[in-house]
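Scroll down for the structure; my scribbles are underneath it.
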Amino acid sequence: MSKFKKKKGGDLPAVNTASLPDIVFMLLFFFMVATVMRENTLKIENKLPNADQVEKLEKKDLVMYIYAGKPSSNYKKMGTEARIQLNDDFASVDEIAAFIASERASKREELVPFLTTSLKVDKEANMGLVGDIKQELRKVNALKINYAAIPGDVSKNNQ
Amino acid sequence: MAKRSAPEVNAGSMADIAFLLLIFFLVTTTMEKDSGITRKLPPMEESEEDVIIKQKNIFTVLINNKDQLLVEDEIMELEDLRTAAVAFLDNGGDGSCDYCNGVRDESSSDNPDKAIISLKNLRETSYAQYISVQNELVGAYNELRNKRALQLGPSSGFRDMNFIEMQKKYKDVKWPGNKTKLKEVIDRIKLEYPQKLSEVQEQ
């Protein structure tokens, strides 16, 4: 009966991979928990400046993001001057008021005073644009702002 | 053939499925790094009557188009700004500030409560330089507050804790210490060294 042929003796036994799914699942869960889906697709370059006196933004859901920077390589037709991006698209300065209003409307009323505006501005941008944004924010009384910056030494800013 | 156990589901492809998901999350993950310098903008309605501030209580910092600094009408490098700001804030010219360690120069600020830093920038100033300057000025305030925290802390039972750590501990839910007491110390330091930073953009 050669039906149940015995294996040749010389073979190394295969490594047991039964626990591989477990390991992969562990990694998977880690990344699932740690993941924050990007809310906006950036159409601008957004290299944040460095600063060493930064504070962490505490409540993610109470933050409104305003991006600014020059259009990225895919959007060259928009020019090379720094632009504002709100949600998923380019915007002009006077659209900020409407944006803030809609953000406020989407939050519970008692949380509105705690909303912070995070300005994610590319370090290449100049202050004219930032000044305009700030002026606009003052008009709608969104006074808590945060200049987004990466923890690091300020000397890196000038490179 | 009466009893046949159900055939086992082949779980060999489980790893593949898990890998697919894993790669998806790996790609979409952005480890969030939401940090920055928090500021408060002044409200829109300007008060009618002009507040009279003595010139010696104002520390003017001007950043020009070429990102150069003019501090109190003198050209200065960014590295020296923090020291200059600390010296100005901690001066204590009128002698009412008993915790100040400054030189008590009559021609500089009266006390930290009256001292105002005025930051002016032009439209062409780069944002990077502006943030650098903001950072140095906030750093100056933090330096003074840290120093004060190390003096005040031990008497309230918070030994070897600077201001930044105090604030961190205060926000930390797991910290076991006395939070009301800590809050008192933090508020006192904030009152002693208030952040008075005014920002102007010149056209």
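Among A:92-99, A:114-121, sorting by the average number of other beta carbon atoms lying within 10 angstrom of each residue, highest first, gives A:114-121, A:92-99.
For region A:98-159, the convex hull drawn through the C-alpha positions has a volume of 99 cubic angstrom per residue.
Based on DSSP H runs of at least 4 residues, each adding -39500 (n - 2.57), what is the mean residue ellipticity at 222 nm of chain A after dividing by all its residues, to the nearest 500 deg cm²/dmol?
One gets -7500 deg cm²/dmol as the mean residue ellipticity at 222 nm.
Taking the Cα centre of region B:55-202 as the origin and placing charges on Cβ (Lys, Arg +1; Asp, Glu -1), which of B:Gln129, B:Ile186, B:Val86 is farthest toward the positive end of the dipole? Farthest towards the positive end: B:Ile186. Distance between the modelled labels on A:Ala101 and A:Phe29, one decimal in nanometres: 4.7 nm (7 Å Cα→Cβ projection).
Taken over chain B, the percentage of Cα pairs per 10 Å bin, counting from 0 up to the bin with the maximum distance, is 7, 24, 25, 17, 9, 6, 5, 3, 2, 1, 0. With angles folded into 0 to 90 degrees, how steeply does helix B:127-156 sit against the dominant principal axis of chain B? Use alpha carbons for both and round to 10. That helix lies at roughly 90 degrees to the long axis.
Once both axes come from the Cα atoms, what is the angle between helix B:179-192 and the longest principal axis of chain B, in degrees from 0 to 90, rounded to 10? It works out to around 40 degrees.
For region B:89-203, the equivalent ellipsoid built from the Cα gyration tensor has semi-axes of 29, 21, 10 Å, listed from largest to smallest.
With 0.36 nm allotted per residue and the present C-alpha distance subtracted, the B:Met14-B:Tyr99 stretch has 23.9 nm of extension available. Summing Cβ point charges (Lys, Arg +1; Asp, Glu -1) relative to the Cα centre of region B:48-203 gives a dipole of roughly 1140 debye.
Taking label points 7 Å from Cα along the Cα-to-Cβ direction, A:Phe90 and A:Arg138 give a separation of 2.8 nm. Expressed as a whole percent, the proportion of Cα-Cα pairs in chain A lying more than 28 Å apart is 41%.
Between the helical axis of B:14-28 and the longest alpha-carbon principal axis of chain B there is an angle of about 20 degrees. Across all C-alpha atoms in the protein assembly as shown, the radius of gyration and Dmax reach 28.1, 110 Å.
How many Cβ atoms of partner chains, on average, are near each residue of A:56-65 if near means within 10 Å of its Cβ? Intermediate values should be presented prior to the final figure.
Numbers: counts 7, 6, 2, 0, 2, 0, 0, 1, 0, 1.
Mean number of neighbouring Cβ atoms from other chains: 2.
Taken residue by residue and averaged, Cβ atoms of other chains lying within 10 Å of the Cβ of B:5-14 number 1. Here chain A is assigned +1 on the Cβ of each Lys and Arg and -1 on the Cβ of each Asp and Glu. Its dipole about the Cα centre then comes out at about 1080 debye.
Projected label points at B:Gln68 and A:Ser19, each 7 Å from Cα along the beta carbon direction, are separated by 6.7 nanometres. By DSSP, the beta bridges lying fully in chain A are antiparallel in about 40 percent of cases.
Mean per-residue shielding of peptide B:130-143 is 5, counting Cβ atoms of other chains within 10 Å of each Cβ.
Put +1 on the Cβ of every Lys and Arg and -1 on every Asp and Glu Cβ in the protein assembly as shown; which of B:Tyr99, A:Gly131, A:Leu57 then has its Cα farthest towards the positive end of the dipole? Final value for the positive-end residue is A:Leu57. Restricting to the protein assembly as shown, compute how many DSSP beta bridges are antiparallel as a %, nearest 5. If we restrict to bridges inside the protein assembly as shown, about 50 percent are antiparallel.
Read-outs: derived from the displayed coordinates by stated rules, not from any lab. Nothing here was measured: the structure is a model prediction, and the numbers come from that model. FYI the Cβ positions are ideal-geometry reconstructions off the backbone, even for glycines, and counts take in every protein chain you see.
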